[in-house]
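First the structure, in the form of structure tokens, and then the observations on it.
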Amino acid sequence: MFTSPPAENADPMYRLLVEKIVDYAIYMLTPEGIVSNWNAGAQRAKGYVASEIVGRHYSTFYRPEDVAAGLPDINLSIAREHGRFEDEGWRLRKDGTALWAHVVIDAIHDDDGRLVGFAKITRDCTEQRRAQEAQREQEQRFRHLIQGVTDYAIYMLDGDGHVVNWNAGAERAKGYKADEIVGRHFSVFYRAADRAAGLPHAALETARSNGRFEAEGWRVRKDGSEFWTSVVIDAVRGEDGELIGFAKITRDITERRRQELKVLEAKELAEKYSQQMASLSRFLDSVISNIPASVLAQDCSGEVILLANQQAQRLFSGAQVDLAGKSVRDCLSPAVADYIERQVAGVGQDAELQAKESTVDTPLGTRTLRSRSVRGTRPEGEGDYILTITEDVTEELAAYAQIHHMAQHDGLTDLPNRAFFHHRLEAAIAGDAASRSITAILCLDLDNFKNINDALGHAYGDKLLLALAQRLREHLREQDTLARLGGDEFAVVLPGLRRLEEAKQAAQRLIDATGQPFLIDEHGLSVGLSVGIASTNSGSSAEELLRFGDMALYEAKRNGRNRYEVFRPELEEAARVRRQMETDLRRALHLGQIEMVYQPIMEKDGRRIAGYEALMRWNHPVHGQVLPLDFIPLAEETGLIHDLGARALNLACQEAITWNDGESVAVNLSPAQFKSPDLVATVALALSDSGLDPARLELEITESVLLDDSDGNIRTLRALKELGVAISLDDFGTGYSSLSYLRSFPFDKIKIDKSFVQDIGESREALAIIRAITGLSNSLLIHTTAEGVETHEQFLRLQAEGCSHFQGYLFGRPQSSDRRLRAMDDAA
Ligand code: C2E
Ligand code: CA
Ligand code: CA
């Protein structure tokens, strides 16, 4: 700047310039360092006016410590030696304040090379200096800060992604020390797979183009362990916009992430749980609403309804309205509210007491309700509640009563049945001791009811039984129990009798009443009634009385029906004998104790044998030969007659086939055998098994076969006849005998009962009957056999009356087939 030696007022322009420059302090020093002039800049910079400073040593501007260090002289000597001294340093203003000065001291020589002084230019750089220092300080502080941050890994990457620096946080987070990692590419922090996928590169690219990259992801520590991190990469650019590198801040948020995941999991769990709870709650709702009972929950005071299922709404309020939250008194009728209150008051009482049925006037009508109330505790201290479950048992009880009645009554007559009868009988017996009375029972049996049923149909039979029941009831006292034990079997309990006589009178009343004709479906009908009487005079238990009554009834029937019989101890013995016989008879069939004997039936001449009647004998091991009249009725009663009858047929056919002269064999059929649908087959089998010509077989039936279920029996007779066998009407003239029977079926033979035969000599009546029979038979071309012919006179009279065959002791007693054969041989 000073190219020529400074001279006072040398060039006025130049001087003006220098003096007016205010940004620079420009002044001259003598070679000794004395200020020789002073410009405006100097005055501005240092505060002195020219008059104050010119002539003083320039060391005035130095700080005392610098002066003490000899800096002013040293600086001058540098300028002297090197021509220039340049430095920056602290100087002092006039007011003592420091300024940072950029100082240039130029040595000025004259043309001869002599030092004439120094030109000094000082620039006040305090501001810049302050700014610089502040910046440095800030940088320092910042560096310390960064270095000290341990929660964040903060480091720089160069433009290619290599680590440039490394802070404590980075070391902590990633495990590398600065010297291990600086210079290496930041992709080492990525997982191998992420690296392969180009994630590090992509991150840098994003930061480069967008200025910032932000993400969360898995990173790898030096030891290989992984951590979840939040990453920010900022592109750092210079003032010119050129990329300097990247600032990378990484935060290990594994823990946070774990917490987040936990929270997430917990949330999911909670959601699931709440879903489950919701579905459980829905399920419970549906269970409660589907419970086939009324469910009502109330608060513990019982005043407010907490819950009511549909059934409860319907039963208690009569409508499908939500009762929850309402008061029992407000929303329910007084009758229902009373009932619920009573029920609630009973909480804690024993279950039986609580569940007692009550009749309540509900909106659905008068119902019988059975409720049970319990106190429950709600979770989470919401207070107790009272739960009442109510069943409407109206129908149940009605059905139960109905069933109970049905269990004790007969369906047809609605009379007490056997069980109820038994019960009543026991009660009556129990009452006897107190009233010193007796109880009697009447066992009733309609005579021939079976026939009526068969002949007129079951519907008719039922009507008859119903009418009979009514009629019997009318003739009994209020306290008497008339029961139907089954079929046509009735029984009566007569409690509180003074004498047995009263029972007999009652029995006779019933017999008489039954004897009056019944008019049913315009069909008049008379029936007989047999009655067995037993009383506590002879029996003590209900069972015994029933048993005795039955025996007496049996006796009444045996003695001719339509009468009563009182139990006597002998009847028990008779019954015992009968039972024993039954057992023996069963056994007899198996042991071959049954055999047939044969009685000859003579031709009209009385000399030639037309055939034989097969008669059954039971060779009892103890009682010897038992005659049919002593066991056939029992066999009929017990059903053994079917086996016995089949045995008779088989034996007769088998034995008849051994006879040489082709005589016929007549086998007796019991009416009871017609009850079996197998009868025709049994006969056919006997024939085929034996090989006997059907024409040689005669079957003897009695009139009662025609009386019973005539249509069915006549059909059976026809079927038998079709087998080729002959049918005889046995014992004709006894019983209901009617000559019209002879027209109902084409019989082959009529057997005149031996009672007429034996009376023929004395009784004109008998003769008249015989004559009528033979007359009609002959006109119908039916044979007639006179039975029981014992005398020659009888034979001759009967022969004269036109009988075609004869049977009786006169001609031969029944004998076994063997004996018969031997007799034949002897005769021959
Ligand atoms: P019924 O069919 O009238 O048989 C004739 C009965 O008269 C036989 O008695 C016979 O021995 C008896 N009798 C024969 N001639 C005379 C006589 O001159 N005077 C007298 N007083 N009696 C005579 P029985 O063998 O005791 O048979 C009695 C009844 O038993 C039979 O009467 C018949 O109804 C029945 N009966 C016999 N055998 C059988 C059989 O195999 N099956 C069935 N269902 N009933 C049979
Ligand atoms: Ca016979
Ligand atoms: Ca007979």
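At 7 Å along the Cα-to-beta-carbon direction for both Glu544 and Thr30, put a label point, then send me their distance in nm to one decimal.
Distance between the two pseudo-spin positions: 17.6 nm.
I'm a student and want to see the number: the projected area of the Cα convex hull of the chain, averaged over all directions, in nm². It would help to have the intermediate numbers written out before the result.
Details: hull surface 341.7 nm².
Approximately 85.4 nm², given one-decimal rounding.
Under the Karplus relation 6.51 cos²θ - 1.76 cosθ + 1.60, θ = phi - 60°, what is the ordered set of whole-Hz ³J(HN,Hα) values for region 198-205, x standing for Gly and Pro?
x, 4, x, 5, 4, 4, 4, 4
Run the reach check for Lys675 against lysines, Cα to Cα strictly under 26 Å, same-chain hits fewer than 8 apart removed. What comes back?
Excluding near neighbours in sequence, the set is Lys450, Lys463, Lys557, Lys721, Lys749, Lys751.
Could you work out the local net charge near Ala79, counting Lys and Arg as +1, Asp and Glu as -1, over the other residues with Cβ closer than 14 Å to its Cβ?
-3
Pop out the ³J(HN,Hα) list for region 270-275 in order, Karplus 6.51 cos²θ - 1.76 cosθ + 1.60 with θ = phi - 60°, rounded to Hz; leave Gly and Pro as x.
5, 5, 4, 4, 5, 5
Using the Cβ atoms and a cut-off under 12 Å, what net charge is assigned to the surroundings of Asp361, where Lys and Arg are +1 and Asp and Glu are -1?
Net local charge, Asp361 excluded: 0.
Considering only C-alpha atoms, what is the centroid distance from region 32-102 to region 217-271, in Å?
For region 32-102 versus region 217-271, the Cα centre distance is 59 Å.
Separation of region 315-390 and region 590-659 by C-alpha centroid, Å?
Using only Cα atoms to place each centre, the spacing works out to 82 Å.
In region 642-681, what is the volume of the convex hull around the alpha carbon atoms, normalised per residue and reported in Å³? Working shown, then result.
On the way: hull volume 2.6 nm³, N = 40.
Considering the Cα atoms of region 642-681, their hull volume per residue is 64 Å³.
Of the chain, which part is the longest with no GluC sites (Glu not before Pro) in a loop (DSSP not H, G, I, E, B) and with at most 15 other C-beta atoms within 10 angstrom?
My reading of the result: 33-238 is the longest stretch.
Kirkwood Rh, region 131-252, all Cα pairs: how many Å?
14.8 Å
Show that you can apply the helix-only estimate: for the chain, add -39,500 (n - 2.57) for every DSSP H stretch of four or more residues, divide by all residues, and state [θ] at 222 nm to the nearest 500.
Rounded to the nearest 500, the figure is -13500 deg cm²/dmol.
If I model a spin label at Glu382 and Glu722 as a point 7 Å from the Cα along the Cα→Cβ vector, what separation in nanometres do I get?
So the two model labels end up 8.5 nm from each other.
Amide H of Arg221: which non-local residues (sequence gap of 5 or more, or other chain) have their own amide H closer than 5 Å, using H built in the peptide plane?
Glu226, Phe227
Would you work out the relative contact order for the chain, in percent, from Cα pairs under 8 angstrom that are 6 or more residues apart?
Taking the mean separation of contacting Cα pairs over the length of the chain, I get 5 percent.
What does the charge dipole of region 10-124 about its Cα centre add up to, to the nearest 20 debye, if the Cβ of each Lys and Arg holds +1 and the Cβ of each Asp and Glu holds -1? Don't skip to the end; give the middle numbers.
Working: 14 positive and 18 negative charges, 85 e Å.
Approximately 400 debye in magnitude.
Calculate log10 I(q)/I(0) of region 387-437 for q = 0.17, 0.20, 0.22 Å⁻¹, where I(q) comes from the Debye formula with a single equal point scatterer on each Cα and nothing for solvent.
Taking Cα atoms of region 387-437 as identical point scatterers yields -0.68, -0.77, -0.82.
About the Cα centre, and with charges only on the beta carbon of Lys, Arg (+1) and Asp, Glu (-1), how big is the dipole of the chain? Nearest 20 debye, please.
About 1420 debye.
Scale the Cα Rg of region 579-626 by the rule-of-thumb value 2.2 N^0.38 Å and send over the ratio, two decimals.
So the Cα radius of gyration is 1.59 times the expected 2.2 N^0.38 Å.
Share of Cα-Cα pairs in region 357-418 beyond 13 Å, in percent?
The answer is 73 percent, as a whole percent.
Would you please report the Å³ per residue occupied by the convex hull of the alpha carbon atoms in region 201-354?
Output value, Cα hull per residue: 269 Å³.
Amide H neighbours of Ile750 under 5 Å, at least 5 residues apart or on other chains, H built in the peptide plane: list them.
For Ile750, whose amide H was placed from the backbone, the distant partners under 5 Å are Leu729, His783, Thr784, Thr785.
For Asn167, enumerate residues with amide H under 5 Å from its amide H, sequence gap 5+ or separate chain, H modeled in the peptide plane.
Ile154
What trypsin sites (Lys or Arg not before Pro) does region 409-514 have in DSSP loop regions with at most 16 other beta carbons within 10 Å?
Arg436, Arg477, Arg498, Arg499
Working only with C-alpha atoms, what are the Rg and Dmax values of region 306-445, expressed in angstrom?
Radius of gyration, then largest Cα-Cα span, for region 306-445: 23.1, 76 Å.
Quick check on region 583-827: what does the Kirkwood estimate of hydrodynamic radius come out to from the alpha carbon pairs, in Å?
Value: 18.4 Å, from the Cα pair sum.
For region 358-371, just list the computed ³J(HN,Hα) in residue order, Karplus coefficients 6.51, -1.76 and 1.60, θ = phi - 60°, integers in Hz, with x standing in for Gly and Pro.
After applying 6.51 cos²θ - 1.76 cosθ + 1.60, I find 10, 9, 10, 7, 9, x, 8, x, 6, 10, 9, 10, 10, 10 Hz.
Give the calculated FRET efficiency between Leu71 and Arg44 to the nearest 0.05, with a Förster radius of 30 Å applied to their Cβ-Cβ distance.
Efficiency, from the Cβ-Cβ distance: 0.80.
Any chance you could check the Cα centroid distance between region 785-828 and region 154-213 for me, in angstrom?
145 Å
Straight-line reach only, C-alpha to C-alpha below 17 angstrom: list the lysines that Lys248 could link to, leaving out same-chain residues fewer than 8 apart.
Partners found: Lys174, Lys177.
Test of understanding: what is the full-extension gain from His523 to His201, defined as 0.36 nm times their sequence separation minus their Cα-Cα distance?
Length difference between fully extended and current span is 104.0 nm.
Provide Rg over Rh for region 417-537; use the alpha carbon set for both Rg and the Kirkwood Rh (inverse mean inverse pair distance).
Values: Rg = 15.0 Å, Rh = 14.9 Å.
Ratio of gyration radius to Kirkwood radius for region 417-537: 1.01.
Taking a label point 7 Å from the Cα of Leu243 along the Cα→Cβ vector, which residues of region 159-193 have an amide N closer than 11 Å to it?
159-162
Assuming R0 = 60 Å, what is the FRET efficiency of Ala398 and Ser755, from their Cβ-Cβ distance, to the nearest 0.05?
The computed FRET efficiency comes out at 0.40.
Please give me the summed charge of the neighbours of Val577: other residues whose Cβ is under 11 Å from its Cβ, Lys and Arg +1, Asp and Glu -1.
Details: positive: Arg576, Arg578, Arg579; negative: Glu570, Glu572, Glu573, Glu582, Asp584, Asp630.
Net charge in that neighbourhood comes out at -3.
Over all directions, the average projected area of the alpha-carbon convex hull for region 89-149 comes to how many nm²?
Values: hull surface 26.0 nm².
It is 6.5 nm².
How many nm is it between the label spots at His458 and Ala430, if each spot is 7 Å from the Cα in line with the beta carbon?
Placing both labels 7 Å beyond Cα along the Cβ direction yields 3.7 nm.
P(r) tail for region 10-124, what percent of Cα pairs lie past 26 Å? Mind dumping the intermediate values first?
Numbers: 792 of 6555 pairs.
Within region 10-124, distances greater than 26 Å cover 12 percent of Cα pairs.
Please compute the length gained on full extension between Arg715 and Ala575, using 0.36 nm multiplied by the number of residues separating them and subtracting their Cα-Cα distance. If you can, show how the numbers build up before the last one.
Working: separation 140, 0.36 × 140 = 50.40 nm, distance 3.65 nm.
The span from Arg715 to Ala575 would gain 46.7 nm if fully extended.
Taken together, the values in this text are just the output of simple stated rules run on the coordinates, not laboratory data. Please read these numbers as outputs of a predicted model, since none were measured by experiment. Every residue, glycine among them, receives a Cβ derived from its backbone with ideal geometry; neighbour counts consider all protein chains shown.
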